[in-house]
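To start, the structure itself, in structure tokens.
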Amino acid sequence: MEVIRKIKVMQEKAEDLRRRKKKIGFVPTMGYLHEGHLKIIREAKKISDVVVVSIFVNPTQFAKGEDYESYPRDEKRDLEILRKERVNFVFMPDVREMYSEDFKTFVEVSGLQDKLCGEFRPGHFKGVATVVTKLFNIVKPHVAFFGLKDYQQYVILNKMVKDLNFDIKIKPVETVRDKDGVALSSRNSYLSEEERKIAGAIPKSLLLAKDLILQGEEDAEKIKNIAKEFLISHNINNIDYFEIADPDTLEPKRKCDSRNCLIAVAVRIGKARLIDNIVIKNGKIYNLPKIDGRAEKEKEKEKKKEKEKEKEKEKGKEVN
């Protein structure tokens, strides 16, 4: 595995690989790698001759007051993980390498970047589109792989590639989850033990909405309200959005379509802003949370035990 920190060196390597007819698979990350990233890397390895992973915490996609400075970073750990995965190249530039002092050029995808997360994170997708454009010009991949947890990002980058005629295929990879259905995220590290338990309501709210849609409920507003009430009842009160939208245009739906819809949520728990989604496209369901039934049964057993203990305490009080 070769670690590259300079743009010119990465470009020269990429050009040499292309001359030798090697298929370059590219996985852009911001580091602090988890199993979600590893699934994407393994998918890249399946269809690529060479896999390049980038690690770069991109400042232009963080708004003022967001967690750019505190975003989790661990270079040594990440490189060890990537060595074990037998990645070919790791591109790790610093901010000064990626953005000169007189940098003035940005890429925007109008009509898609201001919806959903874009409404709550102004400028975020402008920063994402810009850095990914730069990375594409540096790494020169044939295929780039993105996780569907960030579904809006996937839609935006797919549109950008099409509109700007990049000779690159965007390959989506489904979300990796914990046993309780919570999507893996670097920002999960912000959560306390209690907050992490609360986060388990996020995938359940998506499943609740999905079930209502598949059962024939068409009123999107009604479904959204039910899902929000569910989140609030599970101590998630800071909800940026719970939306049902068109999976291609991201436009909110008034009437649900059981064959094509995006069910998306963004909430804030403690210091963490967490997003998740279920996508129904042409009748096929993507990103479906599969909550470990055994874990759920164990929780139910614990609740029963606690209730039995409480009853015994009450009986003891009555005897006294």
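The values are calculated or read from the model by the stated rules, or taken from the named source; none is laboratory data. Not measured: the values here are computed from a predicted model. Reconstructed Cβ throughout: ideal geometry from the backbone, glycine too, with neighbour counts over all protein chains shown. The protein model used for the area step is the full one, side chains on, heavy atoms only, and it has no ligands, DNA or RNA in it. Shrake-Rupley method; radii C 1.70, N 1.55, O 1.52, S 1.80 Å.
Filter region 21-49 for residues that are in a loop (DSSP other than H, G, I, E, B) and under 18 Å from residue 150 (Cβ atoms) and give the result. Before you say what the answer is, go through the steps one by one.
Of all residues in region 21-49, those in a loop (DSSP other than H, G, I, E, B) come to 21-23, 30-34, 48-49.
If the condition is that a residue be in a loop (DSSP other than H, G, I, E, B) and under 18 Å from residue 150 (Cβ atoms), then 30, 31, 32, 33, 34 are the ones that fit.
Sort out which residues of region 179-193 are of a type in the set (S, T, N, Q) and outside any loop (DSSP other than H, G, I, E, B), and write them in order of number. Can you show your working first?
Looking only at region 179-193, we keep the residues that are of a type in the set (S, T, N, Q), and these are 185-186, 188-189, 192.
The answer is 186, 188, 189.
If residue 217 meets every condition in (1) within 27 Å of residue 37 (Cβ to Cβ); (2) modelled with pLDDT of 95 or more; (3) not basic (Lys, Arg) apart from one, which number is that one?
Tallying (1) within 27 Å of residue 37 (Cβ to Cβ); (2) modelled with pLDDT of 95 or more; (3) not basic (Lys, Arg), residue 217 fails exactly one: (1).
I'd like the full set of residues that are polar (S, T, N, Q) and touching a Cys at 6+ places or on another chain (Cβ under 8 Å), limited to region 212-263. Spell out the reasoning first.
So the first thing to find is which residues in region 212-263 are polar (S, T, N, Q), and the list is 215, 225, 233, 235, 237-238, 249, 258, 260.
None; the set is empty.
Being assigned to a helix (DSSP H, G or I) and either within 17 Å of residue 247 (Cβ to Cβ) or among the hydroxyl-bearing types (Ser, Thr, Tyr) (or both) is the filter here; which residues of region 162-177 pass it? Reasoning before the result, please.
First pass over region 162-177, keeping only residues assigned to a helix (DSSP H, G or I): 162-163.
162, the sole residue that qualifies.
For residue 141, are the conditions met, namely being in contact (Cβ under 8 Å) with a residue 24 or more places away in the chain, outside any helix (DSSP H, G or I) and either under 25 Å from residue 23 (Cβ atoms) or of a type in the set (Asp, Glu) (or both)? Even if it seems obvious, please write down each step before you answer.
Values: in contact (Cβ under 8 Å) with a residue 24 or more places away in the chain: yes; outside any helix (DSSP H, G or I): yes; either under 25 Å from residue 23 (Cβ atoms) or of a type in the set (Asp, Glu) (or both): yes.
Yes.
Residues of region 253-287 being free of Cβ contacts under 8 Å to residues at least 24 places away in the same chain and open to solvent by 60 Å² or more (accessible area, probe 1.4 Å), which ones?
282, 284
Between a first residue in region 1-28 that is over 18 Å from residue 87 (Cβ atoms) and a second residue that is at pLDDT 95 or above and among the β-branched types (Val, Ile, Thr), which pairs have beta carbons less than 8 Å apart while being 6 or more apart in sequence or on different chains?
7/138; 11/138; 18/24
Collect the residues in region 197-229 that are surrounded by fewer than 18 Cβ atoms within 10 Å (Cβ to Cβ), assigned to a helix (DSSP H, G or I) and in contact with a Lys or Arg (Cβ under 8 Å, 6 or more places away or on another chain), keeping them in residue-number order.
The one that is surrounded by fewer than 18 Cβ atoms within 10 Å (Cβ to Cβ), assigned to a helix (DSSP H, G or I) and in contact with a Lys or Arg (Cβ under 8 Å, 6 or more places away or on another chain): 221.
If residue 155 passes every condition in (1) more than 15 Å from the chain's Cα centre (by Cα); (2) in a helix (DSSP H, G or I); (3) of a type in the set (Val, Ile, Thr) but one, which one does it miss?
Single failed check for residue 155: (1).
Looking at region 27-37, is at least one residue open to solvent by 60 Å² or more (accessible area, probe 1.4 Å) and under 17 Å from the mean Cα position of the chain (by Cα)? So that I can check it myself, show each step before the final result.
Kept after step one, since they are open to solvent by 60 Å² or more (accessible area, probe 1.4 Å), are these residues of region 27-37: 32, 35.
Filter once more, so that each one left must be under 17 Å from the mean Cα position of the chain (by Cα): 32, 35.
Yes, region 27-37 contains a residue that is open to solvent by 60 Å² or more (accessible area, probe 1.4 Å) and under 17 Å from the mean Cα position of the chain (by Cα).
If you scan region 131-146, which residues turn out to be open to solvent by less than 40 Å² (accessible area, probe 1.4 Å) and either of a type in the set (D, E, K, R) or in contact with a Leu (Cβ under 9 Å, 6 or more places away or on another chain) (or both)?
At the first step, the residues of region 131-146 found to be open to solvent by less than 40 Å² (accessible area, probe 1.4 Å) are 131-133, 135-136, 138-139, 141, 143-146.
Listed by number, the residues that qualify are 132, 133, 141, 144, 146.
Let me confirm something: among 57, 109, 3, 90, which residue is farther than 20 Å from residue 172 by Cα and out of contact with any strand residue (DSSP E or B) (no Cβ under 8 Å at 6 or more places or on another chain)?
On the way: 109 fails: farther than 20 Å from residue 172 by Cα; 3 fails: out of contact with any strand residue (DSSP E or B) (no Cβ under 8 Å at 6 or more places or on another chain); 90 fails: out of contact with any strand residue (DSSP E or B) (no Cβ under 8 Å at 6 or more places or on another chain).
When all the criteria are applied, what remains is 57.
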